[in-house]
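Colleague: One structure, pasted below without further comment.
The values are calculated or read from the model by the stated rules, or taken from the named source; none is laboratory data. Fair warning: this is a prediction, and the values are worked out from it, not measured in the lab. Virtual Cβ from ideal backbone geometry, glycine too; neighbours counted across all protein chains shown. Keep in mind that these areas ignore ligands, DNA and RNA; they rest on the heavy atoms of the full protein, side chains included. Shrake-Rupley method; radii C 1.70, N 1.55, O 1.52, S 1.80 Å.
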Amino acid sequence: MPRVPAACSTRGAQDASARHWNPVRDRVPASMQGQKEGIGRAALHVRACSEEVEGSRVAMANEFLRERGIFGSDNVEIGPCGALGMGLVAKRPISGNQEVVVEVPPSMMITEDTAMEGTGEAGMLLKAMLQDLMGFQPQSAVELGDALIALRLMYERAAGDASALFPYVRMLPESLDMPLFWPQAERERLLKGCLILEDTQALEETITGQYDFINDMVLGMFPEKFPEEFFSLEQYRFHVCLSISRAFSLDGMKGLGRGLALLPGIDMANHDDGVKFAVQRGDGVFSGRDSIVLISDRDYAEGEQVFTTYGRKSNAQSLYAFGFTREDPMHPFNSADIALQLDASDPLRQMKAQVLTANGIYSRMRFQVPVSQELIAEGLSRKAPASTQSEKMEGGPLGMTEQLVDSWAQVLPFLRMLSLGGDGASELLSGDPQEAWLRMWTPLEGSLEDDAVDALIKHFDGMLQVLEEDVAPAARAGLTERERVSAVVRASEAAALREGRAALERTEDWNELSTACSYFVKAWNSPDVTEKATKLVFQSGCSGSRRYTALRGSSGPMNMIQIGKRN
């Protein structure tokens, strides 16, 4: 199933980049805001080997990165970090005043533009073939950067110790435990009800299709250049996932281009939810202007692990891309993914699809439901976008939290479009498509609004039933690591759906957000406030809905706006 974006607007450029996320929504730099929370890491590990061999690999990688100025002389080094495996360790006290810890110059970055440099004409032909292929697959589960970075790493591994990047490549993981590498039956059993099953299947199909194409067109024609031992489907699958788990997005770094980049040294740092900012462009004073640097957001003592952030990702996203989860299902970064689509039997389906397409929206959409009540409230209260998608795109990519809120904010407008019918619907849909979409950001008349919200609650209930079926508690003894992280993901998504459902059902507390309406309603015994509030309710079409009831006091002026109970 082709991947589709979860949100149809972007805004708010970020100055820092995080490891990218693609399958459920467009990958964007993270906002770098977070609260500290421990995570359980599931095997983004290097191969098991003797301590002597392990020590040799680490020492060689540290020397390689120091010689190229990436680690500096005494900042950090790669070292053991307990349960997290290898990571970056401070060699001296590091201040939390945005000190440059690691600096990767342009010459050491592996980007979409540079990945095939040095691979000869055959390598450039590979790049051209992939560019052509992805031109026909704009919603591919594998980005061009992932494919090119994967092929470059495969090329360097095939070169062995003759590779200029040999010490770095030798230090990279040789096994991953993301769901793509689980047996299909196990994956379907453990992640039942989660949309990352769909994402993983799309990823598998995309990788296989891409490999078959480039193998027929290039790899198989130059076996001496691309030996099968190093350029098999299995190797391509592994290295694409290695890029997914390690490459960073350049999209928020002005002047450094767009796309993905592998950053040797920086990519050795482990994730911590508490890191507020980490990876950004050099400032031209303490680091090169065209470099990418890892900076400190806290003090580190000598010997302490130095962290980065992979972005504010949910447990499902983290498991898919990195192979780990955090333990707390209610952590504010968590969310649930839902999929909604136009009904094939809807007589207005074609007209609705045309309106959606004109606004950059697909007939089938993926949305995120936050677990955070604050973000749920913010999303439900968000007003219609003030401009078109193309105009907002100029402002830069969304941070992860902003993207999450924007995605959730569009659930009700999309559902209103699905529920739209009756008198006047055809006239609205046949008019200006932007105006028709903006109309969906205000409640529909009468029972149509109730139908839209009821449909969403019913959808949540169906997903909850599947997510909570035959799932073992994550804390139960005797679970395998895959069983444990899967249970955490299902619990996290179920928690978000319950919170979203509760927000839609919450109707009587006027300090809470108006459920199923795109604005807050809170008024006191002030005539000017209550008069405006009354007009809002009746002009928006809420007056005919059983969810919204205007109560007037015996003295004449309305004393308050009350959100009525569901019937």
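Colleague: What are the ³J(HN,Hα) values, in whole Hz, obtained from phi via the Karplus relation 6.51 cos²θ - 1.76 cosθ + 1.60 with θ = phi - 60°, for each residue of the range 407-418 in sequence order, with x given for Gly and Pro?
Modeller: Karplus values, whole Hz, x for Gly and Pro: 5, 4, 4, 8, 5, 5, x, 5, 5, 4, 4, 5.
Colleague: Within the range 160-223, which GluC sites (Glu not before Pro) sit in a loop by DSSP and count at most 14 neighbouring Cβ atoms inside 10 Å?
Modeller: Loop-located and lightly packed - Glu174.
Colleague: In terms of the Cα gyration tensor, with a ≥ b ≥ c the square roots of its eigenvalues, is the range 185-262 rounded because a/c is under 1.5, prolate because a/b exceeds b/c, or oblate?
Modeller: oblate
Colleague: Now for a different question. Once you order the gyration tensor axes a ≥ b ≥ c over the Cα atoms, which shape class does the range 417-473 get: rounded for a/c under 1.5, otherwise prolate or oblate by comparing a/b with b/c?
Modeller: In terms of gyration-tensor shape, prolate.
Colleague: In the range 397-460, what percent of the accessible surface is made up of carbon and sulfur (1.4 Å probe, ligands and nucleic acids excluded)?
Modeller: 52
Colleague: Compute the Kirkwood hydrodynamic radius of the range 262-309, taking the inverse of the mean of 1/r over all pairs of distinct Cα atoms, and give it in Å to one decimal.
Modeller: It is 11.6 Å.
Colleague: Here's a follow-up. Taking only the alpha carbons of the range 201-315, what extent do you get along each of the three principal axes, in Å, biggest first?
Modeller: 52, 33, 27
Colleague: While we're here: Given a 1.4 angstrom probe, what's the average accessible area per residue across the range 156-200, in square angstrom?
Modeller: Heavy-atom SASA per residue in the range 156-200 reads 37 Å².
Colleague: On the accessible surface of the range 66-167, probed at 1.4 Å, how many percent belong to carbon and sulfur atoms?
Modeller: Roughly 52 percent, rounded to a whole number.
Colleague: Given 37 °C and 0.692 mPa s, how large is the Stokes-Einstein diffusion coefficient of the range 241-368 in µm²/s, with Rh as the Kirkwood radius over Cα pairs? Mind showing how you got there, number by number?
Modeller: On the way: Rh = 18.0 Å.
In µm²/s, the coefficient is 182.
Colleague: Once you put a point 7 Å from the Cα of Arg298 and another 7 Å from the Cα of Met217, both along the Cβ direction, what distance in nm separates them?
Modeller: Roughly 4.7 nm, to one decimal.
Colleague: Just by accessible area at a 1.4 angstrom probe, what is the order of Lys313, Lys254 from largest to smallest?
Modeller: Result, largest first: Lys254, Lys313.
Colleague: Another question about this same structure. Show me, for the range 279-290, the HN-Hα J-couplings you get by feeding each phi into the Karplus relation (A = 6.51, B = -1.76, C = 1.60, θ = phi - 60°), rounded to Hz, glycine and proline as x.
Modeller: Running phi through 6.51 cos²θ - 1.76 cosθ + 1.60 with θ = phi - 60° gives 10, 7, 6, x, 9, x, 10, 8, 7, x, 5, 9 Hz.
Colleague: For Cα pairs less than 8 Å apart in space and 6+ apart in sequence, what is the mean separation divided by the residue count of the range 233-353, i.e. the relative contact order in percent? Present the calculation step by step, with values, prior to reporting the outcome.
Modeller: Working: 115 pairs, mean separation 21.4, N = 121.
The normalised contact order for the range 233-353 reaches 18 percent.
Colleague: Using a Förster radius of 51 Å, what is the FRET efficiency between Leu438 and Glu229 based on their Cβ-Cβ separation? Nearest 0.05, please.
Modeller: 0.35
Colleague: Which value, in Å², gives the accessible area per residue of the range 411-481 when a 1.4 Å probe is used on the protein heavy atoms?
Modeller: Heavy-atom SASA per residue in the range 411-481 reads 47 Å².
Colleague: Using alpha-carbon positions, what is the distance between the centroids of the range 226-268 and the range 64-126, in Å?
Modeller: 13
Colleague: What is the range 62-213's relative contact order, in percent, from Cα pairs under 8 angstrom and six or more apart in sequence?
Modeller: Reported relative contact order: 16 percent.
Colleague: Going through the range 420-485, which trypsin sites (Lys or Arg not before Pro) have at most 13 other Cβ atoms within 10 Å and a DSSP loop state? Display every interim value, and only then the final one.
Modeller: Details: sites: Arg439, Lys458, Arg476, Arg482, Arg484; in loops: Arg476.
Within the range 420-485, the qualifying trypsin sites (Lys or Arg not before Pro) (loop, at most 13 other Cβ atoms within 10 Å) are Arg476.
Colleague: Leu428 to Ala128: FRET efficiency via 1/(1 + (r/R0)^6), r the Cβ-Cβ distance, R0 45 Å, to the nearest 0.05?
Modeller: Using R0 = 45 Å, I get an efficiency of 0.45.
Colleague: Taking the alpha-carbon centroid of each part, what is the distance from the range 316-369 to the range 127-165 in angstrom?
Modeller: Cα centres, the range 316-369 to the range 127-165: 28 Å.
Colleague: Once you have a ≥ b ≥ c as the square roots of the Cα gyration tensor eigenvalues for the range 105-206, tell me rounded if a/c is under 1.5, and otherwise prolate or oblate according to whether a/b is larger than b/c.
Modeller: Note, shape of the range 105-206 comes out oblate.
Colleague: As a quick test, which of the pairs Lys276/Lys383; Lys254/Lys383; Lys225/Lys313 have an alpha carbon distance above 32 angstrom in this structure?
Modeller: Lys225/Lys313
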